[in-house]
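Contents: one structure, followed by commentary.
The values are calculated or read from the model by the stated rules, or taken from the named source; none is laboratory data. The model shown is predicted, which means the values in this text are computed figures rather than measured ones. All Cβ positions, glycine included, derive from the backbone under ideal geometry; neighbour counts span all protein chains shown. We work out accessible area using only protein heavy atoms, side chains counted, and drop any ligands, DNA or RNA first. Shrake-Rupley method; radii C 1.70, N 1.55, O 1.52, S 1.80 Å.
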Amino acid sequence: MTVTDGVERGGVQIAGAAGDRFDEVLTGPALEFLADLHRSFNSRRLERLRARDERYEQLVSGHQLEFLPETREIRESDWQVADPAPGLVDRRVEITGPTDRKMTINALNSGAKVWLADFEDALTPTWSYVIEGQLNLLDALDRTIDFTSEEGKSYALRPADELATVVVRPRGWHLPEKHLLVDGERMSGSLVDFGLYFFHCAQRQIDAGKGPYFYLPKMESHLEARLWNDVFVRAQDLLGIPQGTIRATCLIETYPAAFEMEEILYELRDHSSGLNAGRWDYIFSVIKKFRTRGRDFLLPDRNQVTMTVPFMRAYTELLVSTCHQRGAHAIGGMAAFIPSRDPEVNEAAFQKVTDDKTREAGDGFDGSWVAHPGMVELCKEVFTKVLGDRPNQLDRKREDVHITAEQLLDVKDTPGTVTETGLRNNISVGIQYLHTWLQGNGAVAVFNLMEDAATAEISRSQVWQWLHNGVVLDTGERVTRELVERLVDEELSRLPGYPADYEAATATFLEVAVADDFDEFLTLPAYERME
């Protein structure tokens, strides 16, 4: 691999290392396209990030989240999003995963209707993984991705009509791409992931009878959705692609966004394909936004914060109702279970997943997520029992739903306790995940669950919240820094390769879990630790 620090092409300085076939992605025209997006939108992106900080300061000073009075007309007027695009009409089961070569083939072949091709929470954004992921998508669309592993196992795509529809999730607005600079500024990871895929694959997808489709993560306001919409308009104009060809599903995974669902759909209405309920990031956002507000926003062990507790139930009910009133798909949350060799573990987990998906389908969701190909058929069967031959249930408007801001904010009525087991689990899962993330793998199997960055975020944020609120565990012991550090040592001693292999992960976890200040995202300091 040849280092290319300082090389400039298409107005973009490449500060990463060269790799096999990278020049097929980092072409002059593609980089010129990225440079245009950066110059057109980066200042607005940074402005929106500053607006997040300003909103948080308002919450600290006692303000409350609410349905915005200035956008009441949008909520009360009659409008619809664009009709479902080809390949996005039936979304009863979607699989998520990173864009490595093996996962690309397995996800496309899985039998799911949609594959969320992830450049965000399930991918460690090393320079090589970012560019290789783009190459794998290119190869998949060109059907040149088939390969045989070193163990002799063959991986090959099924016929085109049996493959999942590709929906790419770029990184969130907050994440930079330090290996690409325009005018001396780091590019936005969002614009890099979106721009490279759109430049190389949009026309390929159109020619295949589908289109360039995206999942948009981590947004906190409709103005961030407006920014994305303007990016879409500009990108389509630059490449001569008809307006409205792009479709985007937005993850409602931050607390502020739950109060602006209609506005987010409205801003993207010509490009919108729905909303998704993201559990762990949503809970993480609750803690993050109200971390100074004491016990009214104190949460119990994360496994006790189910989708049926009051504030989560209000959130999902509002999401389905909002989507269907506006003609958009409502996509449910993640089933993270990985099939095990232990029949008893499988039986209990499959029943839990069945119950969860049955609730979602009964509530009106049009589909849901799984993390492993072995869970696709279960999810599909559950939704088919409700949908039958229908591709979705957009006709189920849920006019019976009337959710108030007070219901969305009702965290204090969440039942449950804070236990030593829960604290240990957060420590162990957080460090194990970071250990693997720092090595380059963003989708990690821990305790029979497929974990991604959202799990690490909720794990470390709960430790921080319990510590800074002086929570007393079920054992009678108060959560202190000394207790956390002792439990870290005890949990680490149970892991293979301890202690040397876990030094960086442990340092990163403690940096964000017990510090006086709360880091917005643990992936930001972790990213700076990577080359």
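Of everything in the range 5-16 that is open to solvent by 30 Å² or more (accessible area, probe 1.4 Å) and assigned to a strand (DSSP E or B), the residue that is modelled with the highest pLDDT is Gln13. When Val411 is tested against the conditions (1) among the hydrophobic types (A, V, I, L, M, F, W, C); (2) without any contact (Cβ under 8 Å) to a residue 40 or more places away in the chain; (3) farther than 24 Å from Leu108 by Cα, the lone failure is (2).
For (1) open to solvent by 50 Å² or more (accessible area, probe 1.4 Å); (2) in contact with a Pro (Cβ under 8 Å, 6 or more places away or on another chain), each residue gets a yes or a no:
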| site | (1), (2) |
| --- | --- |
| Tyr56 | no, no |
| Glu73 | yes, no |
| Val81 | no, no |
| Val89 | yes, yes |
| Tyr129 | yes, yes |
| Asn136 | no, no |
| Leu141 | yes, no |
| Phe147 | yes, no |
| Ala164 | no, no |
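Here Gln432, Gln407, Gln393 are screened, and the one residue that is closer than 30 Å to Arg295 by Cα, of a type in the set (S, T, N, Q) and either at pLDDT below 95 or open to solvent by less than 30 Å² (accessible area, probe 1.4 Å) (or both) is Gln432. So for the range 452-471 (the condition being farther than 24 Å from Lys352 by Cβ, within 20 Å of the chain's Cα centre (by Cα), not aromatic (Phe, Trp, Tyr) and not in a helix (DSSP H, G or I)), does at least one residue qualify? Checked the range 452-471: no residue is farther than 24 Å from Lys352 by Cβ, within 20 Å of the chain's Cα centre (by Cα), not aromatic (Phe, Trp, Tyr) and not in a helix (DSSP H, G or I). Quick one: is Thr292 over 22 Å from the mean Cα position of the chain (by Cα) and of a type in the set (Val, Ile, Thr)? Yes; evaluated as a whole, the condition is true for this residue.
Suppose the filter is outside any helix (DSSP H, G or I), touching a strand residue (DSSP E or B) at 6+ places or on another chain (Cβ under 8 Å), within 27 Å of Asp121 (Cβ to Cβ) and not basic (Lys, Arg); does Phe365 pass it? The answer is yes for Phe365. Evaluate the following for Pro176: is it within 30 Å of Gly11 (Cα to Cα), in contact with a helix residue (DSSP H, G or I) (Cβ under 9 Å, 6 or more places away or on another chain), open to solvent by less than 20 Å² (accessible area, probe 1.4 Å) and not β-branched (Val, Ile, Thr)? In short, no. In the range 314-330, the count of residues that are assigned to a strand (DSSP E or B) and either in contact with a strand residue (DSSP E or B) (Cβ under 9 Å, 6 or more places away or on another chain) or open to solvent by less than 10 Å² (accessible area, probe 1.4 Å) (or both) is one or more. The residue that is nearest to Lys289 (Cα to Cα), among those in the range 500-527 that are in contact with a Ser or Thr (Cβ under 8 Å, 6 or more places away or on another chain) and not in a helix (DSSP H, G or I), is Phe518.
Report, by residue number, each residue of the range 494-519 that is among the aromatic types (Phe, Trp, Tyr) and farther than 14 Å from Ile427 by Cα. Matches in the range 494-519: Tyr498, Phe518. Surrounded by fewer than 24 Cβ atoms within 10 Å (Cβ to Cβ), at pLDDT below 95 and part of a helix (DSSP H, G or I): does that describe Asn303? Spelling it out, Asn303 is indeed surrounded by fewer than 24 Cβ atoms within 10 Å (Cβ to Cβ), at pLDDT below 95 and part of a helix (DSSP H, G or I). Between Gly362, Gly333, the distinction of being at pLDDT 95 or above, in contact with a helix residue (DSSP H, G or I) (Cβ under 9 Å, 6 or more places away or on another chain) and either open to solvent by less than 20 Å² (accessible area, probe 1.4 Å) or over 24 Å from Ala456 (Cα atoms) (or both) belongs to Gly362 only.
In the set Asn425, Asn448, only one residue is in contact (Cβ under 8 Å) with a residue 24 or more places away in the chain and surrounded by fewer than 19 Cβ atoms within 10 Å (Cβ to Cβ); that residue is Asn448.
Among the residues of the range 239-256, is there at least one that is open to solvent by 10 Å² or more (accessible area, probe 1.4 Å), farther than 26 Å from Trp79 by Cβ and in contact (Cβ under 8 Å) with a residue 12 or more places away in the chain? Yes; the residues of the range 239-256 include at least one that is open to solvent by 10 Å² or more (accessible area, probe 1.4 Å), farther than 26 Å from Trp79 by Cβ and in contact (Cβ under 8 Å) with a residue 12 or more places away in the chain. Among the residues of the range 368-392, those that are more than 19 Å from His329 (Cβ to Cβ) and assigned to a helix (DSSP H, G or I) comprise Pro373, Gly374, Met375, Glu377, Leu378, Glu381. Of everything in the range 62-71 that's open to solvent by 50 Å² or more (accessible area, probe 1.4 Å) and within 28 Å of the chain's Cα centre (by Cα), which residue is farthest from Met261 (Cα to Cα)? In this case the residue turns out to be His63. Inspect all residues belonging to the range 340-356 and state whether any of them is open to solvent by less than 10 Å² (accessible area, probe 1.4 Å) and either assigned to a strand (DSSP E or B) or touching a helix residue (DSSP H, G or I) at 6+ places or on another chain (Cβ under 8 Å) (or both). No. Among residues of the range 456-467 that are open to solvent by 10 Å² or more (accessible area, probe 1.4 Å), those with a beta-carbon under 8 Å from a residue that is among the hydroxyl-bearing types (Ser, Thr, Tyr) at least six positions away or on a different chain give the pairs Leu467/Thr480.
Is there a residue being under 26 Å from Ser110 (Cα atoms), buried (at least 23 other Cβ atoms within 10 Å of the Cβ), among the β-branched types (Val, Ile, Thr) and at pLDDT 95 or above anywhere in the range 192-213? Looking for residues that are under 26 Å from Ser110 (Cα atoms), buried (at least 23 other Cβ atoms within 10 Å of the Cβ), among the β-branched types (Val, Ile, Thr) and at pLDDT 95 or above, one finds none in the range 192-213, hence no.
Sub-8 Å Cβ pairs linking a first residue in the range 110-123 that is within 15 Å of Ser273 (Cα to Cα) and open to solvent by 10 Å² or more (accessible area, probe 1.4 Å) to a second residue that is among the β-branched types (Val, Ile, Thr) and part of a strand (DSSP E or B), at least 6 apart or interchain, are Lys113/Val93; Lys113/Thr165, ordered by first then second residue. Would you confirm, using the coordinates I've provided, whether Gly476 is on the phi > 0 side of the Ramachandran plot and open to solvent by less than 20 Å² (accessible area, probe 1.4 Å)? Considered against the rule, which asks whether it is on the phi > 0 side of the Ramachandran plot and open to solvent by less than 20 Å² (accessible area, probe 1.4 Å), Gly476 comes out as no. Restricting to the range 422-451, name every residue that is farther than 23 Å from Thr508 by Cβ and part of a helix (DSSP H, G or I). Within the range 422-451, no residue meets the criteria. You will find that of Arg460, Arg424, the residue that is of a type in the set (Lys, Arg) and closer than 14 Å to Thr523 by Cβ is Arg460 and no other.
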